[in-house]
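A.B. asks: Have a look at this one.
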Amino acid sequence: MTILQVVDKDFSHIPVIDISPLVSKIGNSGSTAQDCYVVATQIEQACQDYGFFYIVGHGVDEQLQEQLEHLSQQFFAQDVETKLQIRMALGGRAWRGYFPVGNELTSGRPDFKEGIYFGAELEEEHLLVKAGLPMHGRNLFPSNIPQFRETVLEYIESMTKLGHTLMAGIALSLGLEESYFADRYTKDPLILFRIFNYPPNPSTSKTKSRWGVGEHTDYGVLTILKQDGVGGLQVKSKSGWIDAPPIPGSFVCNIGDMLDRMTQGLYRSTPHRVQNRSRSNRLSFPFFFDPNFNVEVKPIELNEIAVNDDKSDRWDKASVHEFRGTYGEYLLSKVSKVFPELDQTVLKPRFSR
Ligand SMILES: N=C(N)NCCCC[C@H](N)C(=O)O
Ligand SMILES: O=C(O)CCC(=O)C(=O)O
Ligand SMILES: [Fe+2]
């Protein structure tokens, strides 16, 4: 046969990238090491093909992760009254604390999950908190699990460092200088961190499984997700919905709406969703590494990169590309629909009232 076999990608497996060259070399020397470019090429391919990739070789302490998982199990195993001692309503404008199953909405529908919202720990005296900036402030920690606070704060610190490293890799992957995003958007990133518990939800012939979190895209630039061994994350790839199963020792990374906007669609913020079909509960730990709240997000001046004009497969009809304004404004427009029970004034910047 003389038919040319075109080796077509089937877009069914999210790639696994060993980022150890980035971890050991980014920021350490004057010039970017050659092996960082190899990693950058893998990131480029993954972001164009999937908008998702796994990372290994990230160097995040395993004991810290085990401790975080263990304490989280302990927290969610308590009765709901105890958990409500740190309920979100007490977090005020900072948007922190616990919410029970069914309280968080995605596209207007209740998610089948409970969780705790965290973020960078800022004192009441911090300028931004005093100025009344929403989503900035102090965390709420369960007082009956003493190690919870230090474990979460240590994890946030490790992940923030990792976020900076990955953003340097993503910059290289776009042919930009290592510090491109740090210089413009993420030197002082907006950090949000959540711990979710998805109750068991085995589907039987009689019951329809509920979505742990409905289809959505993430808002910022980069999400770094730790998931336990249960599984249930699904990603909308070019070949349809595929699984992102747990891979021991890895994190799942995905790019958000702001990177989609900056790259004019070359890197897509890919829709994903979760359904826990197992008989055990599922824990997940999404860490959001986002542009500074007050910074205006603009398309990258990319002469070289081929932008992607095909908006047909975008679930939200590319609204993110029409958006003008700061990341904070974009974020607030999104999250104001997520907890309708909370007082909406909590989410409005004080200075505009
Ligand atoms: N910070 C980020 N990226 N969060 C993404 C969460 C999307 C689900 C949320 N219930 C919603 O409907 O927006
Ligand atoms: O729990 C997961 O695996 C993913 C959660 C998620 O997509 C999100 O919080 O944005
Ligand atoms: Fe997400």
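The values are calculated or read from the model by the stated rules, or taken from the named source; none is laboratory data. Keep in mind it's a predicted model, so treat the numbers as computed, not measured. All Cβ positions, glycine included, derive from the backbone under ideal geometry; neighbour counts span all protein chains shown. With ligands, DNA and RNA removed, areas are computed over all heavy atoms of the protein, side chains included. Shrake-Rupley method; radii C 1.70, N 1.55, O 1.52, S 1.80 Å.
A.B. asks: Restricting to segment 272-302, name every residue that is polar (S, T, N, Q) and either under 17 Å from residue 243 (Cα atoms) or within 16 Å of ligand 3 (Cβ to nearest atom) (or both).
C.D. replies: Within segment 272-302, 275, 276, 278, 284 meet the criteria.
A.B. asks: Hey, residue 269 hits all of (1) farther than 26 Å from residue 69 by Cβ; (2) away from ligand 3 (no atom under 13 Å from the Cβ); (3) of a type in the set (Gly, Ala, Ser) but one; which does it fall short on?
C.D. replies: Every listed condition holds for residue 269 apart from (2).
A.B. asks: Within segment 135-189, can you find the residues that are open to solvent by less than 10 Å² (accessible area, probe 1.4 Å), of a type in the set (A, V, I, L, M, F, W, C) and over 21 Å from residue 18 (Cβ atoms)?
C.D. replies: Hits for segment 135-189 are 135, 145, 148, 152, 181.
A.B. asks: Could you list, in sequence order, all residues of segment 234-251 that are touching a residue at least 12 places away in the same chain (Cβ under 8 Å) and of a type in the set (Gly, Ala, Ser)?
C.D. replies: 237, 239, 244, 249, 250
A.B. asks: Across segment 324-353, what is the total count of residues that are within 16 Å of ligand 2 (Cβ to nearest atom), farther than 23 Å from residue 114 by Cα and among the basic types (Lys, Arg)?
C.D. replies: 0
A.B. asks: Quickly run through segment 270-288 and pick out the residues that are hydroxyl-bearing (Ser, Thr, Tyr) and more than 11 Å from ligand 2 (Cβ to nearest atom). Steps first, please.
C.D. replies: Here is the first cut: in segment 270-288, the ones hydroxyl-bearing (Ser, Thr, Tyr) are 270, 278, 280, 284.
Once the filter is applied, which keeps residues that are hydroxyl-bearing (Ser, Thr, Tyr) and more than 11 Å from ligand 2 (Cβ to nearest atom), segment 270-288 yields 278, 280.
A.B. asks: Scan segment 162-207 for residues that are more than 16 Å from ligand 3 (Cβ to nearest atom), β-branched (Val, Ile, Thr) and in contact (Cβ under 8 Å) with a residue 60 or more places away in the chain and report the count.
C.D. replies: Residues flagged as more than 16 Å from ligand 3 (Cβ to nearest atom), β-branched (Val, Ile, Thr) and in contact (Cβ under 8 Å) with a residue 60 or more places away in the chain within segment 162-207 amount to 3.
A.B. asks: Here is a follow-up. Could you tell me whether residue 132 is more than 17 Å from the chain's Cα centre (by Cα) and either farther than 23 Å from residue 281 by Cβ or in contact (Cβ under 8 Å) with a residue 12 or more places away in the chain (or both)?
C.D. replies: Numbers: more than 17 Å from the chain's Cα centre (by Cα): yes; either farther than 23 Å from residue 281 by Cβ or in contact (Cβ under 8 Å) with a residue 12 or more places away in the chain (or both): yes.
For residue 132, the condition - more than 17 Å from the chain's Cα centre (by Cα) and either farther than 23 Å from residue 281 by Cβ or in contact (Cβ under 8 Å) with a residue 12 or more places away in the chain (or both) - is met.
A.B. asks: Oh, and also: Restricting attention to segment 18-29, does a residue exist that is more than 23 Å from the chain's Cα centre (by Cα), without any contact (Cβ under 8 Å) to a residue 40 or more places away in the chain and under 18 Å from residue 113 (Cα atoms)?
C.D. replies: No: zero hits.
A.B. asks: Hey, any hits in segment 254-270 for a residue that's closer than 22 Å to residue 102 by Cβ and in a loop (DSSP other than H, G, I, E, B)? Can you show your working first?
C.D. replies: Start the filter on segment 254-270 by keeping residues that are closer than 22 Å to residue 102 by Cβ, which leaves none.
No.
A.B. asks: Could I ask something else about it? Within 25 Å of residue 274 (Cβ to Cβ) and without any contact (Cβ under 8 Å) to a residue 12 or more places away in the chain, is that true of residue 77?
C.D. replies: Yes, satisfied.
A.B. asks: Hey, another quick one. Whether any residue in segment 194-208 is more than 15 Å from ligand 1 (Cβ to nearest atom) and touching a Cys at 6+ places or on another chain (Cβ under 7 Å) is what I want to check.
C.D. replies: Checked against the condition, which is being more than 15 Å from ligand 1 (Cβ to nearest atom) and touching a Cys at 6+ places or on another chain (Cβ under 7 Å), segment 194-208 yields no hits at all.
A.B. asks: On to the next question. Does residue 210 fit the bill of being more than 16 Å from ligand 3 (Cβ to nearest atom), among the charged types (D, E, K, R) and at pLDDT below 95? Give the steps one after another, and end with the answer.
C.D. replies: Working: more than 16 Å from ligand 3 (Cβ to nearest atom): yes; among the charged types (D, E, K, R): yes; at pLDDT below 95: yes.
Criteria met by residue 210.
A.B. asks: Name the residue, out of 195, 224, that is under 17 Å from residue 102 (Cα atoms), within 16 Å of the chain's Cα centre (by Cα) and not in a loop (DSSP other than H, G, I, E, B). If you could, list the steps in order and put the result at the bottom.
C.D. replies: On the way: 224 fails: under 17 Å from residue 102 (Cα atoms).
After ruling out the rest, the residue left standing is 195.
A.B. asks: Residues of segment 228-267 being within 15 Å of ligand 2 (Cβ to nearest atom) and open to solvent by 30 Å² or more (accessible area, probe 1.4 Å), which ones?
C.D. replies: The answer is 229, 230, 236, 241, 243, 245, 246, 247.
A.B. asks: Continuing with the same structure: Hey, could you check segment 190-218 for residues that are open to solvent by 50 Å² or more (accessible area, probe 1.4 Å) and hydroxyl-bearing (Ser, Thr, Tyr) and say which is farthest from ligand 2 (Cβ to nearest atom)? Give the derivation first.
C.D. replies: Here is the first cut: in segment 190-218, the residues open to solvent by 50 Å² or more (accessible area, probe 1.4 Å) are 200, 203-208, 210-211, 215.
Subsequent filtering for residues that are hydroxyl-bearing (Ser, Thr, Tyr) retains 203-205, 207.
Working: 203: 18, 204: 23, 205: 26, 207: 21 Å.
It comes out as 205.
A.B. asks: Follow-up. For residues that are within 17 Å of residue 349 (Cα to Cα), loosely packed, with under 15 Cβ neighbours inside 10 Å and in contact with a helix residue (DSSP H, G or I) (Cβ under 9 Å, 6 or more places away or on another chain), tally how many sit in segment 90-134.
C.D. replies: The total comes to 2.
A.B. asks: Looking only at segment 214-242, filter to residues that are in contact with a helix residue (DSSP H, G or I) (Cβ under 9 Å, 6 or more places away or on another chain) and under 22 Å from residue 292 (Cβ atoms); which one of those is nearest to ligand 3 (Cβ to nearest atom)?
C.D. replies: Checked segment 214-242; the qualifying residue nearest to ligand 3 (Cβ to nearest atom) is 218.
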